[in-house]
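Colleague: Following this message is one structure expressed as C-alpha coordinates.
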2 protein chains.
Amino acid sequence: MDTIFESMNKPSLYTVLSPALLHLYDVNNTLVVVIDVLRATSTIATDLYNGAKEVIPVDSVQRCIQLGKELACVTAGERDGQIAPGLQYGNSSFEYPREFIEGKTLVLTTTNGTRLLHMALSKGATEIVTGSFLNLSAVCDHLKEVNKNVILACAGWKDRVNMEDTMFAGAVVSMVEEYFTINCDSSRIAETLYKKGRTDMYEFMKKNDASHYHRLTNFGLERDIRHCLTADLANVLPEYVNGKLLLRR
Amino acid sequence: MDTIFESMNKPSLYTVLSPALLHLYDVNNTLVVVIDVLRATSTIATDLYNGAKEVIPVDSVQRCIQLGKELACVTAGERDGQIAPGLQYGNSSFEYPREFIEGKTLVLTTTNGTRLLHMALSKGATEIVTGSFLNLSAVCDHLKEVNKNVILACAGWKDRVNMEDTMFAGAVVSMVEEYFTINCDSSRIAETLYKKGRTDMYEFMKKNDASHYHRLTNFGLERDIRHCLTADLANVLPEYVNGKLLLRR
(Lines give C-alpha, C1' and ligand atoms only; values in the text may rest on other atoms or scores of the structure.)
Protein backbone atom coordinates (compact mmCIF):
# COMPACT_ATOMS: atom_id res chain seq x y z
CA MET A 1 0.00 0.00 0.00
CA ASP A 2 1.39 3.38 -0.97
CA THR A 3 0.85 5.42 2.18
CA ILE A 4 2.52 8.53 0.75
CA PHE A 5 0.12 8.49 -2.17
CA GLU A 6 -2.76 7.91 0.22
CA SER A 7 -1.67 10.76 2.45
CA MET A 8 -1.39 13.13 -0.50
CA ASN A 9 -4.94 12.43 -1.47
CA LYS A 10 -6.40 13.20 1.89
CA PRO A 11 -7.62 16.71 2.61
CA SER A 12 -5.72 18.76 5.20
CA LEU A 13 -6.79 19.60 8.72
CA TYR A 14 -5.43 22.47 10.77
CA THR A 15 -6.30 23.73 14.25
CA VAL A 16 -6.18 27.48 14.84
CA LEU A 17 -5.92 28.12 18.58
CA SER A 18 -6.94 31.81 18.47
CA PRO A 19 -8.74 34.09 16.00
CA ALA A 20 -5.55 36.20 16.02
CA LEU A 21 -3.78 33.33 14.24
CA LEU A 22 -6.39 32.70 11.52
CA HIS A 23 -4.58 34.93 9.01
CA LEU A 24 -1.67 32.42 8.98
CA TYR A 25 -3.82 29.77 7.34
CA ASP A 26 -5.33 29.39 3.90
CA VAL A 27 -9.03 29.62 4.67
CA ASN A 28 -10.04 29.80 1.03
CA ASN A 29 -12.22 26.88 -0.05
CA THR A 30 -12.09 25.27 3.38
CA LEU A 31 -14.70 24.05 5.79
CA VAL A 32 -14.29 26.04 9.00
CA VAL A 33 -15.58 24.69 12.32
CA VAL A 34 -16.13 27.63 14.68
CA ILE A 35 -15.60 26.56 18.30
CA ASP A 36 -16.78 28.54 21.34
CA VAL A 37 -17.61 25.83 23.85
CA LEU A 38 -18.40 28.11 26.82
CA ARG A 39 -20.99 28.89 25.73
CA ALA A 40 -21.96 30.31 22.34
CA THR A 41 -21.63 27.24 20.13
CA SER A 42 -23.13 25.01 22.85
CA THR A 43 -26.19 27.26 23.05
CA ILE A 44 -26.46 27.37 19.26
CA ALA A 45 -26.44 23.56 19.04
CA THR A 46 -29.06 23.35 21.81
CA ASP A 47 -31.36 25.90 20.19
CA LEU A 48 -31.36 24.17 16.82
CA TYR A 49 -31.61 20.72 18.42
CA ASN A 50 -34.69 21.92 20.28
CA GLY A 51 -36.31 23.11 17.09
CA ALA A 52 -35.42 26.79 16.81
CA LYS A 53 -36.03 28.02 13.26
CA GLU A 54 -32.67 29.81 13.14
CA VAL A 55 -30.06 31.54 15.26
CA ILE A 56 -28.71 34.88 14.10
CA PRO A 57 -25.33 35.62 15.70
CA VAL A 58 -24.49 39.30 16.11
CA ASP A 59 -21.48 40.98 17.65
CA SER A 60 -23.07 43.65 19.86
CA VAL A 61 -25.92 44.10 22.31
CA GLN A 62 -27.08 47.13 20.33
CA ARG A 63 -27.39 45.14 17.11
CA CYS A 64 -29.14 42.37 19.02
CA ILE A 65 -31.78 44.77 20.38
CA GLN A 66 -32.27 46.34 16.95
CA LEU A 67 -32.69 43.02 15.12
CA GLY A 68 -34.95 41.73 17.89
CA LYS A 69 -37.33 44.63 17.21
CA GLU A 70 -37.16 44.34 13.42
CA LEU A 71 -37.80 40.61 13.38
CA ALA A 72 -39.98 40.44 16.50
CA CYS A 73 -37.88 37.55 17.78
CA VAL A 74 -36.15 36.30 20.90
CA THR A 75 -32.98 38.17 21.89
CA ALA A 76 -30.20 36.74 24.01
CA GLY A 77 -26.80 37.60 25.32
CA GLU A 78 -24.81 38.16 28.48
CA ARG A 79 -22.26 40.56 29.75
CA ASP A 80 -20.33 39.55 32.86
CA GLY A 81 -22.56 36.56 33.52
CA GLN A 82 -25.82 38.53 33.54
CA ILE A 83 -28.43 38.92 30.82
CA ALA A 84 -27.32 42.07 29.04
CA PRO A 85 -29.56 45.14 29.61
CA GLY A 86 -32.15 45.33 26.84
CA LEU A 87 -32.04 41.61 26.02
CA GLN A 88 -34.45 38.90 27.13
CA TYR A 89 -32.40 35.75 27.73
CA GLY A 90 -28.89 34.57 28.58
CA ASN A 91 -26.30 32.14 27.22
CA SER A 92 -27.36 29.04 29.08
CA SER A 93 -28.59 25.98 27.22
CA PHE A 94 -31.06 25.46 30.07
CA GLU A 95 -33.00 28.56 29.05
CA TYR A 96 -33.92 27.03 25.70
CA PRO A 97 -36.09 23.92 26.12
CA ARG A 98 -38.09 22.78 23.12
CA GLU A 99 -41.38 24.08 24.66
CA PHE A 100 -39.93 27.57 24.50
CA ILE A 101 -37.66 27.81 21.47
CA GLU A 102 -39.32 25.52 18.89
CA GLY A 103 -40.09 27.38 15.67
CA LYS A 104 -38.62 30.63 16.91
CA THR A 105 -35.81 32.86 15.65
CA LEU A 106 -33.14 33.70 18.21
CA VAL A 107 -30.77 36.65 17.86
CA LEU A 108 -27.71 35.87 19.96
CA THR A 109 -24.92 38.27 20.75
CA THR A 110 -21.57 36.55 21.17
CA THR A 111 -18.41 38.59 20.88
CA ASN A 112 -15.69 36.01 20.24
CA GLY A 113 -17.71 33.56 18.16
CA THR A 114 -19.45 36.04 15.87
CA ARG A 115 -16.25 37.85 15.04
CA LEU A 116 -14.63 34.55 14.13
CA LEU A 117 -17.57 33.57 11.90
CA HIS A 118 -17.23 36.84 10.01
CA MET A 119 -13.46 36.47 9.72
CA ALA A 120 -13.80 32.97 8.27
CA LEU A 121 -16.42 34.16 5.81
CA SER A 122 -14.37 37.16 4.67
CA LYS A 123 -11.35 34.92 4.11
CA GLY A 124 -13.23 32.72 1.69
CA ALA A 125 -14.43 29.72 3.69
CA THR A 126 -16.90 27.78 1.56
CA GLU A 127 -18.66 26.23 4.50
CA ILE A 128 -18.91 27.27 8.16
CA VAL A 129 -20.37 25.06 10.87
CA THR A 130 -20.29 25.43 14.64
CA GLY A 131 -18.85 22.87 17.02
CA SER A 132 -19.24 22.09 20.71
CA PHE A 133 -19.10 18.93 22.79
CA LEU A 134 -22.91 18.91 22.64
CA ASN A 135 -22.70 18.21 18.90
CA LEU A 136 -19.29 16.53 18.72
CA SER A 137 -20.40 13.45 16.76
CA ALA A 138 -22.41 15.47 14.26
CA VAL A 139 -19.33 17.59 13.52
CA CYS A 140 -17.02 14.56 13.24
CA ASP A 141 -19.44 12.60 11.05
CA HIS A 142 -19.69 15.54 8.68
CA LEU A 143 -15.91 16.00 8.53
CA LYS A 144 -15.42 12.34 7.68
CA GLU A 145 -17.86 12.57 4.78
CA VAL A 146 -17.12 15.91 3.28
CA ASN A 147 -13.66 15.40 1.71
CA LYS A 148 -12.69 19.05 2.10
CA ASN A 149 -9.79 20.83 3.74
CA VAL A 150 -10.80 21.66 7.31
CA ILE A 151 -9.87 24.35 9.80
CA LEU A 152 -10.85 23.92 13.44
CA ALA A 153 -11.08 27.53 14.59
CA CYS A 154 -11.10 28.18 18.33
CA ALA A 155 -12.75 31.40 19.44
CA GLY A 156 -10.79 31.55 22.69
CA TRP A 157 -11.33 34.55 24.95
CA LYS A 158 -10.46 37.96 23.58
CA ASP A 159 -7.95 36.25 21.30
CA ARG A 160 -6.26 34.37 24.12
CA VAL A 161 -6.04 30.59 23.77
CA ASN A 162 -8.40 28.76 26.09
CA MET A 163 -8.56 25.26 27.42
CA GLU A 164 -12.07 24.12 26.51
CA ASP A 165 -11.97 25.20 22.86
CA THR A 166 -8.54 23.60 22.49
CA MET A 167 -9.85 20.38 24.10
CA PHE A 168 -12.78 20.29 21.71
CA ALA A 169 -10.46 20.71 18.72
CA GLY A 170 -8.40 17.87 20.18
CA ALA A 171 -11.47 15.68 20.51
CA VAL A 172 -12.28 16.23 16.83
CA VAL A 173 -8.68 15.54 15.79
CA SER A 174 -8.66 12.29 17.74
CA MET A 175 -11.86 11.16 16.04
CA VAL A 176 -11.23 12.13 12.43
CA GLU A 177 -7.45 11.92 12.04
CA GLU A 178 -7.50 8.91 9.72
CA TYR A 179 -9.42 10.94 7.17
CA PHE A 180 -7.00 13.86 6.97
CA THR A 181 -3.39 14.80 6.43
CA ILE A 182 -2.45 16.61 9.64
CA ASN A 183 0.81 18.55 9.52
CA CYS A 184 -0.12 20.85 12.35
CA ASP A 185 1.50 21.03 15.76
CA SER A 186 -1.52 22.85 17.21
CA SER A 187 -3.73 19.89 16.28
CA ARG A 188 -1.41 17.48 18.07
CA ILE A 189 -1.11 19.72 21.11
CA ALA A 190 -4.91 19.92 21.24
CA GLU A 191 -5.23 16.16 20.87
CA THR A 192 -2.73 15.55 23.68
CA LEU A 193 -4.68 17.93 25.92
CA TYR A 194 -7.99 16.24 25.14
CA LYS A 195 -6.64 12.75 25.73
CA LYS A 196 -5.27 13.85 29.08
CA GLY A 197 -8.47 15.55 30.17
CA ARG A 198 -11.22 13.49 28.59
CA THR A 199 -12.07 11.15 31.45
CA ASP A 200 -13.33 14.12 33.48
CA MET A 201 -13.01 17.39 31.62
CA TYR A 202 -14.72 19.38 34.36
CA GLU A 203 -12.24 18.21 36.99
CA PHE A 204 -9.39 18.69 34.52
CA MET A 205 -10.38 22.31 33.95
CA LYS A 206 -10.80 22.87 37.68
CA LYS A 207 -7.45 21.29 38.52
CA ASN A 208 -5.67 23.28 35.85
CA ASP A 209 -7.19 26.64 36.84
CA ALA A 210 -8.81 27.08 33.43
CA SER A 211 -9.80 30.72 33.06
CA HIS A 212 -13.40 29.98 32.05
CA TYR A 213 -13.80 27.51 34.86
CA HIS A 214 -13.10 30.34 37.29
CA ARG A 215 -15.03 32.96 35.36
CA LEU A 216 -18.23 30.93 35.07
CA THR A 217 -17.96 29.41 38.53
CA ASN A 218 -17.82 32.94 39.92
CA PHE A 219 -21.18 33.51 38.22
CA GLY A 220 -22.58 30.32 39.78
CA LEU A 221 -22.61 28.48 36.47
CA GLU A 222 -20.95 25.15 37.38
CA ARG A 223 -23.96 23.28 36.00
CA ASP A 224 -23.57 25.07 32.67
CA ILE A 225 -19.90 24.11 32.47
CA ARG A 226 -20.64 20.45 33.17
CA HIS A 227 -23.45 20.44 30.60
CA CYS A 228 -21.29 22.06 27.91
CA LEU A 229 -18.56 19.44 28.43
CA THR A 230 -20.93 16.53 27.80
CA ALA A 231 -20.83 14.85 24.40
CA ASP A 232 -23.75 14.69 22.00
CA LEU A 233 -26.58 16.10 24.11
CA ALA A 234 -27.66 18.25 21.16
CA ASN A 235 -26.20 16.32 18.29
CA VAL A 236 -27.06 18.44 15.25
CA LEU A 237 -24.94 20.39 12.79
CA PRO A 238 -25.52 24.16 12.72
CA GLU A 239 -24.43 25.70 9.43
CA TYR A 240 -23.87 29.40 8.79
CA VAL A 241 -25.77 30.49 5.68
CA ASN A 242 -26.42 34.11 4.73
CA GLY A 243 -25.88 35.43 8.24
CA LYS A 244 -27.97 32.75 9.94
CA LEU A 245 -27.21 29.48 11.65
CA LEU A 246 -29.52 26.78 10.39
CA LEU A 247 -29.80 23.07 10.90
CA ARG A 248 -27.80 21.36 8.16
CA ARG A 249 -29.99 18.74 6.55
CA MET B 1 -2.28 30.20 56.24
CA ASP B 2 -3.93 32.77 54.01
CA THR B 3 -3.49 31.27 50.56
CA ILE B 4 -5.41 34.02 48.78
CA PHE B 5 -3.11 36.63 50.30
CA GLU B 6 -0.12 34.49 49.38
CA SER B 7 -1.32 34.09 45.82
CA MET B 8 -1.88 37.82 45.44
CA ASN B 9 1.69 38.50 46.46
CA LYS B 10 3.20 36.19 43.90
CA PRO B 11 4.20 37.59 40.54
CA SER B 12 2.26 36.45 37.47
CA LEU B 13 3.39 34.04 34.79
CA TYR B 14 1.92 33.82 31.29
CA THR B 15 2.81 31.68 28.31
CA VAL B 16 2.46 33.23 24.85
CA LEU B 17 2.30 30.46 22.27
CA SER B 18 3.06 32.62 19.23
CA PRO B 19 4.64 36.06 18.62
CA ALA B 20 1.32 36.99 16.97
CA LEU B 21 -0.32 36.80 20.41
CA LEU B 22 2.22 38.88 22.34
CA HIS B 23 0.18 42.08 21.93
CA LEU B 24 -2.55 40.54 24.14
CA TYR B 25 -0.29 40.59 27.18
CA ASP B 26 1.11 43.36 29.33
CA VAL B 27 4.82 43.07 28.60
CA ASN B 28 5.69 46.27 30.42
CA ASN B 29 8.01 45.70 33.37
CA THR B 30 8.12 41.96 32.82
CA LEU B 31 10.88 39.45 32.42
CA VAL B 32 10.46 37.83 29.00
CA VAL B 33 11.92 34.41 28.24
CA VAL B 34 12.37 34.09 24.47
CA ILE B 35 12.05 30.46 23.38
CA ASP B 36 13.20 29.10 20.02
CA VAL B 37 14.29 25.56 20.85
CA LEU B 38 15.03 24.40 17.29
CA ARG B 39 17.53 25.90 17.17
CA ALA B 40 18.29 29.57 17.81
CA THR B 41 18.08 29.70 21.59
CA SER B 42 19.81 26.31 21.89
CA THR B 43 22.72 27.57 19.80
CA ILE B 44 22.87 30.81 21.80
CA ALA B 45 23.09 28.89 25.09
CA THR B 46 25.80 26.64 23.64
CA ASP B 47 27.87 29.55 22.34
CA LEU B 48 27.87 31.41 25.64
CA TYR B 49 28.39 28.19 27.62
CA ASN B 50 31.44 27.50 25.47
CA GLY B 51 32.89 30.92 26.18
CA ALA B 52 31.73 33.11 23.31
CA LYS B 53 32.12 36.79 24.23
CA GLU B 54 28.68 37.65 22.92
CA VAL B 55 26.02 36.66 20.39
CA ILE B 56 24.41 39.38 18.30
CA PRO B 57 21.06 38.24 16.92
CA VAL B 58 19.99 39.86 13.66
CA ASP B 59 16.92 39.31 11.52
CA SER B 60 18.41 39.03 8.02
CA VAL B 61 21.30 37.43 6.19
CA GLN B 62 22.18 40.83 4.72
CA ARG B 63 22.50 42.44 8.14
CA CYS B 64 24.52 39.44 9.33
CA ILE B 65 27.03 39.79 6.49
CA GLN B 66 27.28 43.54 7.06
CA LEU B 67 27.87 43.28 10.83
CA GLY B 68 30.31 40.42 10.28
CA LYS B 69 32.47 42.71 8.15
CA GLU B 70 32.18 45.70 10.49
CA LEU B 71 33.07 43.73 13.60
CA ALA B 72 35.34 41.17 11.93
CA CYS B 73 33.51 38.39 13.73
CA VAL B 74 31.97 34.99 13.11
CA THR B 75 28.72 34.99 11.12
CA ALA B 76 26.12 32.27 11.23
CA GLY B 77 22.70 31.43 9.92
CA GLU B 78 20.81 28.98 7.78
CA ARG B 79 18.17 29.06 5.16
CA ASP B 80 16.40 25.80 4.35
CA GLY B 81 18.83 23.74 6.40
CA GLN B 82 21.96 25.03 4.65
CA ILE B 83 24.45 27.68 5.72
CA ALA B 84 23.07 30.83 4.11
CA PRO B 85 25.11 32.18 1.16
CA GLY B 86 27.60 34.76 2.44
CA LEU B 87 27.69 33.39 5.99
CA GLN B 88 30.32 31.12 7.56
CA TYR B 89 28.50 28.76 9.91
CA GLY B 90 25.11 27.20 10.57
CA ASN B 91 22.65 26.82 13.43
CA SER B 92 23.98 23.61 14.94
CA SER B 93 25.34 23.56 18.48
CA PHE B 94 27.94 21.08 17.25
CA GLU B 95 29.62 23.77 15.16
CA TYR B 96 30.53 25.76 18.25
CA PRO B 97 32.90 23.85 20.52
CA ARG B 98 34.90 25.83 23.07
CA GLU B 99 38.12 25.50 21.02
CA PHE B 100 36.45 27.44 18.25
CA ILE B 101 34.06 29.95 19.80
CA GLU B 102 35.77 30.95 23.09
CA GLY B 103 36.33 34.69 23.30
CA LYS B 104 34.66 35.36 19.94
CA THR B 105 31.67 37.45 18.89
CA LEU B 106 29.05 35.62 16.87
CA VAL B 107 26.48 37.36 14.69
CA LEU B 108 23.55 34.98 14.29
CA THR B 109 20.64 35.45 11.95
CA THR B 110 17.44 33.94 13.26
CA THR B 111 14.15 35.09 11.84
CA ASN B 112 11.58 34.05 14.42
CA GLY B 113 13.69 34.55 17.57
CA THR B 114 15.19 37.93 16.69
CA ARG B 115 11.84 39.41 15.76
CA LEU B 116 10.40 38.24 19.06
CA LEU B 117 13.32 39.76 21.02
CA HIS B 118 12.71 43.10 19.33
CA MET B 119 8.97 42.90 19.94
CA ALA B 120 9.48 42.22 23.65
CA LEU B 121 11.92 45.09 23.91
CA SER B 122 9.65 47.55 22.12
CA LYS B 123 6.75 46.60 24.40
CA GLY B 124 8.71 47.53 27.51
CA ALA B 125 10.17 44.28 28.86
CA THR B 126 12.69 45.16 31.55
CA GLU B 127 14.64 41.96 31.17
CA ILE B 128 14.94 39.51 28.29
CA VAL B 129 16.64 36.14 28.56
CA THR B 130 16.68 33.18 26.18
CA GLY B 131 15.49 29.70 27.06
CA SER B 132 16.06 26.23 25.64
CA PHE B 133 16.21 22.76 27.14
CA LEU B 134 20.00 23.10 27.10
CA ASN B 135 19.72 25.82 29.76
CA LEU B 136 16.43 24.84 31.39
CA SER B 137 17.65 24.85 35.00
CA ALA B 138 19.44 28.18 34.63
CA VAL B 139 16.20 29.75 33.36
CA CYS B 140 14.09 28.18 36.12
CA ASP B 141 16.55 29.07 38.89
CA HIS B 142 16.52 32.68 37.74
CA LEU B 143 12.72 32.82 37.58
CA LYS B 144 12.44 31.48 41.10
CA GLU B 145 14.75 34.18 42.43
CA VAL B 146 13.73 37.22 40.49
CA ASN B 147 10.27 38.02 41.91
CA LYS B 148 9.07 39.63 38.68
CA ASN B 149 6.13 39.06 36.39
CA VAL B 150 7.20 36.61 33.71
CA ILE B 151 6.18 35.95 30.12
CA LEU B 152 7.31 32.74 28.43
CA ALA B 153 7.34 33.77 24.78
CA CYS B 154 7.45 31.02 22.18
CA ALA B 155 8.93 31.98 18.82
CA GLY B 156 7.06 29.25 16.97
CA TRP B 157 7.49 29.01 13.23
CA LYS B 158 6.36 31.98 11.16
CA ASP B 159 3.88 32.78 13.94
CA ARG B 160 2.42 29.28 14.01
CA VAL B 161 2.44 27.49 17.35
CA ASN B 162 4.99 24.70 17.52
CA MET B 163 5.45 21.69 19.68
CA GLU B 164 8.98 22.05 21.00
CA ASP B 165 8.69 25.66 22.13
CA THR B 166 5.37 24.88 23.79
CA MET B 167 6.92 21.85 25.53
CA PHE B 168 9.78 23.98 26.82
CA ALA B 169 7.34 26.56 28.20
CA GLY B 170 5.51 23.66 29.85
CA ALA B 171 8.74 22.37 31.39
CA VAL B 172 9.37 25.79 32.92
CA VAL B 173 5.78 26.05 34.18
CA SER B 174 6.05 22.63 35.84
CA MET B 175 9.26 23.63 37.61
CA VAL B 176 8.45 27.14 38.81
CA GLU B 177 4.68 27.09 39.33
CA GLU B 178 4.83 27.39 43.11
CA TYR B 179 6.52 30.74 42.76
CA PHE B 180 3.91 32.36 40.52
CA THR B 181 0.23 33.09 40.17
CA ILE B 182 -0.71 31.35 36.91
CA ASN B 183 -4.10 32.32 35.49
CA CYS B 184 -3.22 31.28 31.99
CA ASP B 185 -4.73 28.42 29.99
CA SER B 186 -1.78 28.41 27.57
CA SER B 187 0.58 27.71 30.47
CA ARG B 188 -1.51 24.74 31.58
CA ILE B 189 -1.85 23.42 28.05
CA ALA B 190 1.93 23.66 27.67
CA GLU B 191 2.50 21.93 31.00
CA THR B 192 0.13 19.09 30.04
CA LEU B 193 2.01 18.66 26.76
CA TYR B 194 5.39 18.59 28.48
CA LYS B 195 4.29 16.09 31.11
CA LYS B 196 2.96 13.82 28.39
CA GLY B 197 6.09 14.06 26.26
CA ARG B 198 8.92 14.41 28.76
CA THR B 199 10.02 10.80 29.08
CA ASP B 200 11.16 10.86 25.45
CA MET B 201 10.54 14.16 23.76
CA TYR B 202 12.21 13.08 20.53
CA GLU B 203 9.92 10.09 20.15
CA PHE B 204 6.95 12.21 21.21
CA MET B 205 7.67 14.75 18.46
CA LYS B 206 8.19 11.97 15.93
CA LYS B 207 5.00 10.17 16.91
CA ASN B 208 3.00 13.38 16.79
CA ASP B 209 4.31 14.51 13.39
CA ALA B 210 5.79 17.69 14.84
CA SER B 211 6.51 20.07 11.98
CA HIS B 212 10.11 20.74 13.02
CA TYR B 213 10.78 17.06 13.53
CA HIS B 214 9.97 16.57 9.84
CA ARG B 215 11.65 19.73 8.66
CA LEU B 216 14.98 19.07 10.39
CA THR B 217 14.92 15.32 9.75
CA ASN B 218 14.59 16.09 6.05
CA PHE B 219 17.84 18.05 6.39
CA GLY B 220 19.52 15.08 8.14
CA LEU B 221 19.54 16.84 11.51
CA GLU B 222 18.14 14.15 13.84
CA ARG B 223 21.23 14.47 16.05
CA ASP B 224 20.61 18.19 16.42
CA ILE B 225 17.00 17.60 17.46
CA ARG B 226 18.00 15.04 20.09
CA HIS B 227 20.71 17.36 21.41
CA CYS B 228 18.36 20.36 21.64
CA LEU B 229 15.83 18.29 23.62
CA THR B 230 18.37 17.37 26.32
CA ALA B 231 18.26 19.29 29.58
CA ASP B 232 21.09 21.38 30.94
CA LEU B 233 23.89 20.58 28.50
CA ALA B 234 24.73 24.30 28.31
CA ASN B 235 23.29 25.53 31.54
CA VAL B 236 23.91 29.28 31.42
CA LEU B 237 21.58 32.26 31.24
CA PRO B 238 21.90 34.43 28.11
CA GLU B 239 20.60 37.94 28.69
CA TYR B 240 19.78 40.48 25.99
CA VAL B 241 21.49 43.79 26.72
CA ASN B 242 21.85 46.61 24.20
CA GLY B 243 21.36 44.39 21.19
CA LYS B 244 23.68 41.64 22.40
CA LEU B 245 23.19 38.35 24.21
CA LEU B 246 25.64 38.06 27.08
CA LEU B 247 26.18 35.63 29.88
CA ARG B 248 24.21 36.84 32.89
CA ARG B 249 26.50 36.91 35.90
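The values are calculated or read from the model by the stated rules, or taken from the named source; none is laboratory data. Values in this document were obtained by computation on a predicted structure and should not be read as measured data. Don't worry about glycine lacking a Cβ; one is built from the backbone with ideal geometry, like all the others, and counts go over all protein chains shown. Ligands, DNA and RNA are stripped out before the accessible areas are found, and what is left, the full protein with its side chains, is counted by its heavy atoms. Shrake-Rupley method; radii C 1.70, N 1.55, O 1.52, S 1.80 Å.
Quick grid of which residues meet (1) under 22 Å from B:Leu134 (Cβ atoms); (2) touching a strand residue (DSSP E or B) at 6+ places or on another chain (Cβ under 8 Å); (3) modelled with pLDDT under 95:
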| site | (1), (2), (3) |
| --- | --- |
| B:Asp26 | no, no, no |
| B:Leu31 | yes, yes, no |
| B:Val34 | yes, yes, no |
| B:Ala45 | yes, yes, no |
| B:Asn50 | yes, no, no |
| B:Asp59 | no, yes, yes |
| B:Ile65 | no, yes, no |
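Colleague: Let me ask something else. Scan region B:178-198 residue by residue and report those that are over 19 Å from the mean Cα position of the chain (by Cα) and more than 9 Å from chain A (Cβ to nearest Cβ).
Modeller: B:Glu178, B:Tyr179, B:Phe180, B:Thr181
Colleague: Being within 13 Å of chain A (Cβ to nearest Cβ) and either more than 16 Å from B:Val55 (Cα to Cα) or among the polar types (S, T, N, Q) (or both) narrows it down to one residue among B:Ala231, B:Ala210; which is it?
Modeller: B:Ala210
Colleague: Only one of B:Thr105, B:Thr114 is over 26 Å from B:Met163 (Cβ atoms) and touching a residue at least 12 places away in the same chain (Cβ under 8 Å); which?
Modeller: B:Thr105
Let's see how each residue does on (1) under 28 Å from A:Asn235 (Cα atoms); (2) surrounded by fewer than 20 Cβ atoms within 10 Å (Cβ to Cβ); (3) among the hydroxyl-bearing types (Ser, Thr, Tyr):
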position: A:Ser42; (1), (2), (3): yes, no, yes
position: A:Ala45; (1), (2), (3): yes, no, no
position: A:Ala52; (1), (2), (3): yes, no, no
position: A:Asp59; (1), (2), (3): yes, yes, no
position: A:Arg63; (1), (2), (3): no, yes, no
position: A:Thr75; (1), (2), (3): yes, no, yes
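Colleague: Say whether the condition of being over 15 Å from the mean Cα position of the chain (by Cα), away from chain A (no Cβ under 14 Å) and open to solvent by 60 Å² or more (accessible area, probe 1.4 Å) is met by at least one residue in region B:24-34.
Modeller: Yes; the residues of region B:24-34 include at least one that is over 15 Å from the mean Cα position of the chain (by Cα), away from chain A (no Cβ under 14 Å) and open to solvent by 60 Å² or more (accessible area, probe 1.4 Å).
Colleague: B:Ser92: within 15 Å of the chain's Cα centre (by Cα), touching a residue at least 60 places away in the same chain (Cβ under 8 Å) and over 29 Å from B:Val146 (Cα atoms), yes or no?
Modeller: Answer is yes for this residue.
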